[in-house]
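Remarks on the structure that follows.
Each value in this text was obtained by applying a stated rule to the coordinates, not by laboratory testing. Computed from a predicted structure; not experimentally measured. Don't worry about glycine lacking a Cβ; one is built from the backbone with ideal geometry, like all the others, and counts go over all protein chains shown.
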Amino acid sequence: MATIHRTTMTPTKLELLAGWLPRQPWYRGTGRLPALTRVGGFRLDDPAGEVGIECIVVSDGTDGGATTYFVPLAYRGAPAAGAADGLVGTSEHGVLGTRWIYDAAHDPVAVAQLLALIGGRAEAQHQDESDTPDPSVGRHSAASERLVGGSPLRVEHTADGRTTIAVEPADGAPADRPRFLDLLRRPVPGAEHDPADGCVEIGWVRPDGGTARGRVAVLR
């Protein structure tokens, strides 16, 4: 399991996201730099121990905290080949040195672990504690086959708040139909979404201090 270091990052993750979010088609900003607060999330382990994976939920205070965003990130010790379109930025980690931080939709290891979580082959980890599973992260899967992201990854961002990643059977067998993993970038509390073959559901803190819960990833 990944170790969480109690150290500094310069710039911080939220500072990097404040510059990156307004450039995304699903961002609902007002033209001002977003004022972000972390309001939830979880981590996933890379079995090889090379890539840090953190699925962050942030609230944008420039609109009264009314908009919540789901932003999964992948942290690497070197640039990822073919993932330049997903680079959020670089940061100096107080223990690990320079970290290249990517939108996880563009990182094959992160996509593989999100699919493994949905399929019950990976366990969500606490966002702030090392070696600590997070049982509050719900998952469901009706798909029997093991799925992986395509190579190269095929990613599409849409203004309706979804990032869609094409997936395929891990054994290379022909798929009976196109399959996709959708990241719901603006999760809606308790909302029912399209029928799905699998999903990830998490909780987060609302601007009024209460809690909300909804889907952040859907397999279809």
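If you put +1 on each Lys and Arg Cβ and -1 on each Asp and Glu Cβ, how big is the dipole of the chain around its Cα centre, in Debye rounded to 20?
Rounded to the nearest 20 debye, it is 420 debye.
Which of the trypsin sites (Lys or Arg not before Pro) across the range 1-82 are loop residues per DSSP, with 14 or fewer other Cβ within 10 Å?
6, 32
Which is the longest run of the chain containing none of the GluC sites (Glu not before Pro) found in DSSP loop states (not H, G, I, E, B) with at most 13 other C-beta atoms within 10 Å?
51-128
Just to verify a number: FRET efficiency for residue 211 and residue 142, C-beta to C-beta distance, R0 = 41 Å, to 0.05?
Calculated value: 0.90.
May I ask which residue of 138, 77, 212 lies farthest towards the positive end of the charge dipole of the chain, with charges of +1 (Lys, Arg) and -1 (Asp, Glu) on Cβ and the Cα centre as origin?
With unit charges placed on the Cβ atoms, the residue in question is 212.
Using r as the Cβ-Cβ distance of residue 92 and residue 123, and R0 as 35 Å, what FRET efficiency do you calculate, to the nearest 0.05?
Values: r = 30 Å, r/R0 = 0.86.
With a Förster radius of 35 Å, E is 0.70.
Hey, of [x] 68, 34, 27; [y] 45, 38, 32; [z] 46, 40, 36, which did the structure itself give for Cα extents along the principal axes in Å when calculated?
[y]
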